[in-house]
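See below for the structure under consideration.
What follows is calculated from the coordinates using simple rules that are stated; it is not laboratory data. Please read all numbers here as calculations on a predicted model, not as lab measurements. Neighbour counts run over all protein chains shown; Cβ positions are idealised from the backbone, glycine included.
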């Protein structure tokens, strides 16, 4: 097992929902839910919160989390993750996005184990079967087309792969929802952040498409379920409803 570092990029000045990382959700902030899952997983030597904002630094100190101040000029979460991890001696760097309050420790463990067990993968990530039909056409819900061995072909905000009504797989093959979690081999992350954004990445506003266009191989493991991510203020209501269902 290689050395692993988890970095949670917690940009305060989110365009769609400023301050969402510190927004209260079921008695904790969105960020605290994510950080606690990372710590609970016990699959990394260090768990670091990286942000550009003093308020996040103060909150990290309050909960006892390791914190790295990063520049507000960084253009992406991956850039922020790299700045936090570039001088750390490790084999794997986990980019655990701060808007996934329902991420489970088991999902983290499974995604890290996937890249450890599959030498062909430069990056690993996770997905789950979409059960809510509304999410299929929701552009905030990223879908995946992948091979049977888990290798990703494409990620899109549109419904992929297309389900042709004449196909015998039409009602059998599910759509899969992508999770905001990436495990990079450190050298793959170094190459990724040095590369310029690609046309598909800019078009769909999805960073992972840069990796695919670079020729990096992304492995996807399927997990039982993924709760709603917090992209907009409207997602708070969905998250609270989901939480109540979990609690029965």
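Matching residues to (1) within 26 Å of residue 177 (Cβ to Cβ); (2) touching a residue at least 24 places away in the same chain (Cβ under 8 Å):
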{"site": "22", "(1), (2)": "yes, yes"}
{"site": "47", "(1), (2)": "yes, yes"}
{"site": "61", "(1), (2)": "no, no"}
{"site": "65", "(1), (2)": "no, yes"}
{"site": "72", "(1), (2)": "no, yes"}
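Can you find a residue in the stretch 206-216 that is surrounded by fewer than 11 Cβ atoms within 10 Å (Cβ to Cβ) and out of contact with any helix residue (DSSP H, G or I) (no Cβ under 6 Å at 6 or more places or on another chain)? Scanning the stretch 206-216, I find at least one residue that is surrounded by fewer than 11 Cβ atoms within 10 Å (Cβ to Cβ) and out of contact with any helix residue (DSSP H, G or I) (no Cβ under 6 Å at 6 or more places or on another chain), so the answer is yes.
With the structure loaded, tell me whether residue 55 is loosely packed, with under 14 Cβ neighbours inside 10 Å and outside any loop (DSSP other than H, G, I, E, B) or whether it fails that test.
yes
Counting just the residues of the stretch 88-142 that are free of Cβ contacts under 8 Å to residues at least 40 places away in the same chain and over 28 Å from residue 246 (Cβ atoms), which one comes out surrounded by the most Cβ atoms within 10 Å (Cβ to Cβ)? The selected residue is 117.
Here the condition is being surrounded by 14 or more Cβ atoms within 10 Å (Cβ to Cβ) and either under 19 Å from residue 131 (Cα atoms) or more than 16 Å from the chain's Cα centre (by Cα) (or both); of 185, 157, it holds for 157 alone.
Taking the stretch 60-143 and the strands (runs of 3 or more DSSP E) fully enclosed by it, the elements with 3 or more residues that are under 18 Å from the mean Cα position of the chain (by Cα) are at 92-96, 123-129.
Among the residues making up the stretch 19-52, those that are out of contact with any helix residue (DSSP H, G or I) (no Cβ under 9 Å at 6 or more places or on another chain) and in a loop (DSSP other than H, G, I, E, B) are 27, 45. Going by the conditions given, is residue 159 in contact with a helix residue (DSSP H, G or I) (Cβ under 7 Å, 6 or more places away or on another chain) and closer than 28 Å to residue 7 by Cα? Judged against the criteria, residue 159 is not a match. Here residue 231 fulfils each of the conditions (1) surrounded by fewer than 22 Cβ atoms within 10 Å (Cβ to Cβ); (2) within 15 Å of the chain's Cα centre (by Cα); (3) within 26 Å of residue 147 (Cβ to Cβ) apart from (3).
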